[in-house]
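Following: one structure in structure tokens, then a few remarks.
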């Protein structure tokens, strides 16, 4: 009878330990997933800020560079394309990130072409509104990089957590999958150069 009670006590302790480990893993992994979603929201917010600046920039340039209609239209079209692509932050895949990035790079390219046009108009470069928009756009590009870096750190922390032993066992049993990193395409490791 004594051996039975000892065995039962060990079994109860083992079950309690497993439940505690399960609870810790589940709560931590869910919290980290939510952190990734929140950080992705910050990335999108930074890109949205850039998209919101573009109509003002285009309108300011339009007043000075009326003969550059095709360039201005290309910027507006690229902005529309970039703002239409949305990602579900609860299921971010490398393919989704690649498509999102392509849309954003299209907008960056259109902005760069616009800045080349601006160089032909010295009076525009001296415009107070234009200079303010330039400053805001430069700051926004920096914010985008910071938010992408923070997103990747949140993904790294989560992916590391679910891959470490014994968490990898729980992750496999509970179907927790690694999240995708935001990775730039070749040549895009720097923020777009904005020249006015």
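Percent relative contact order of the chain, based on C-alpha pairs within less than 8 angstrom and at least six residues apart?
30 percent
With a cut-off of 8 Å between alpha carbons and a minimum separation of six or more residues, what is the relative contact order of region 83-188 in percent?
Rounded, it is 35 percent for region 83-188.
Testing the spin-label approximation: label points 7 Å from Cα along Cα→Cβ at residue 99 and residue 1. State their distance in nm.
Once both label points are built, they end up 6.9 nm from each other.
What's the angle, to the nearest 10 degrees (0 to 90), between helix 128-163's Cα axis and the longest principal axis of the chain?
20 degrees
Per-residue ellipticity at 222 nm for the chain, helices alone: DSSP H runs ≥ 4 residues times -39500 (n - 2.57), over residue total, nearest 500 deg cm²/dmol?
-27500 deg cm²/dmol
What's the center-to-center distance, using Cα atoms, between region 126-166 and region 14-91 in Å?
10 Å
Any read-out appearing in this document is the output of simple, stated calculations on the displayed coordinates, not a laboratory observation. Just so it is clear, the model here is predicted, and its values are computed rather than measured. Ideal geometry is used to build each Cβ from the backbone, glycine not excepted, and the neighbour counts take in all protein chains shown.
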